[in-house]
Amino acid sequence: MKKSFLYSCIIALFLISCKKEIEKINDTLKDTSSSTSETPAVKQDSIKKDSVVMKESVPPTMQETGFYNAFILPKDKKMRDSIYSEFSKKYSERERYAILALNRLDSKNKWNADTLVVPAKIDTTLMSYSPFPMQMDVLSGVKKFVIFSYPIQAYGVYSNGSLVKWGPTSMGKKAAQTTRGLTFANWKKKLSTSTVSSEWKLPYNFNIFNTGGIGWHQYDLPGYPASHSCLRLLMKDAQWLYGYADTWVLNPGGATTKAKGTAVMVFGDYKWGARKPWKKLLDDPNSNNISVEQMSKLIEPNIEKILKEQANREKVVDSMKMAKAQIEQMPENPKTLAP
């Protein structure tokens, strides 16, 4: 009897403790589910706040100022990608090419700017934005003339005084500046290897300072003077100039020059550390323009030499053509009379 009573008490105590344990577990589960359901709400609020902050930190992509507008590029890469995606949708491939060219950039270096200067009206030929005069009377007798401006990192091409092409360039950096003055086109090669590094391949290289190894060719345009004295160009421009300019004519043996090539001039000084000149277009559309008077002052002291070398070249080329024609007219197997 005592034993059965004792067993009953033990069982009752066991059931009571189990019930309490179950209640504790249920309470714990409730607390856990409650905290779990509250956590996402906190995260969502946080996400909302963050997204608002990010949205507010994105600058306006386009600041309209008139003839030229500013396309702002933020520092954050993801934001840049997003904005450049918008840029790509807004402008065609040819328009993007022109915009980058105005900013002295190629597509590889499109992120090298915090602001892109964008014309309100896009002219893919770039001629509407030329900093060079459209007509130079002093060059009216010069068939071909190429000029490079250090201050604005641009080149211009004149045929009989009329501007036929212009574009961006990246000339010698501060420590290795491009030689200034009048020179003439020498030799050319479709793919040269740099004398500075054998790893640097230079498409459509056209030498203009033979002893210095300086020439124009295609290479990166990062938006500032960056070369080792050469004059970097966009690929299309390098190809065009490769076919346009005339090479020198050498005497037999190749040691001396019989006739010089196309006249080329490099002038001016770049303002190192100052605001990039093309960005000044946002304030003044004419800020990069070179006047007829400025150009005339550069060319007039050299025009006599340019015309003299041009005349000599024409004479040499004509004599070469005549000699070639005479050779072609000769019979392949001329008959000789018997003695």
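Going through ALA255, ALA274 one at a time, which residue ends up being at pLDDT 95 or above and out of contact with any helix residue (DSSP H, G or I) (no Cβ under 9 Å at 6 or more places or on another chain)? Just one listed residue meets the conditions, ALA274.
Would you call ALA255 touching a Pro at 6+ places or on another chain (Cβ under 7 Å) and of a type in the set (Gly, Ala, Ser)? No, not satisfied. Just checking, does region 205-228 include any residue being outside any loop (DSSP other than H, G, I, E, B), touching a Lys or Arg at 6+ places or on another chain (Cβ under 7 Å), within 21 Å of LYS110 (Cα to Cα) and among the small types (Gly, Ala, Ser)? Yes, because at least one residue in region 205-228 is outside any loop (DSSP other than H, G, I, E, B), touching a Lys or Arg at 6+ places or on another chain (Cβ under 7 Å), within 21 Å of LYS110 (Cα to Cα) and among the small types (Gly, Ala, Ser). Give me the residue from region 101-145 that is without any contact (Cβ under 8 Å) to a residue 40 or more places away in the chain and under 14 Å from the mean Cα position of the chain (by Cα) and, out of that set, surrounded by the fewest Cβ atoms within 10 Å (Cβ to Cβ). Step by step, filter region 101-145, then rank; the result is SER107. Count of region 85-144 residues, restricted to those that are outside the structural domain of LEU73 (by TED's automatic domain parsing), part of a helix (DSSP H, G or I) and either at positive phi or of a type in the set (A, V, I, L, M, F, W, C) (or both), is 3. Pairs meeting the criteria (first residue in region 301-323 and touching a residue at least 24 places away in the same chain (Cβ under 8 Å) and closer than 12 Å to GLY141 by Cβ, second residue outside any helix (DSSP H, G or I) and basic (Lys, Arg), beta carbons under 8 Å, at least 6 apart or on different chains) are GLN310/LYS143. Given the structure, is LYS297 without any contact (Cβ under 8 Å) to a residue 40 or more places away in the chain and surrounded by 10 or more Cβ atoms within 10 Å (Cβ to Cβ)? So LYS297 fits the description; yes. Regarding SER159, is this residue among the hydroxyl-bearing types (Ser, Thr, Tyr), under 20 Å from ALA263 (Cα atoms) and over 14 Å from the mean Cα position of the chain (by Cα)? It is true that SER159 is among the hydroxyl-bearing types (Ser, Thr, Tyr), under 20 Å from ALA263 (Cα atoms) and over 14 Å from the mean Cα position of the chain (by Cα).
The values are calculated or read from the model by the stated rules, or taken from the named source; none is laboratory data. For clarity, every value in this text was computed on a predicted model and none was experimentally measured. Note that each Cβ is placed from the backbone with ideal geometry, even for glycine, and that neighbours are counted across all protein chains shown.
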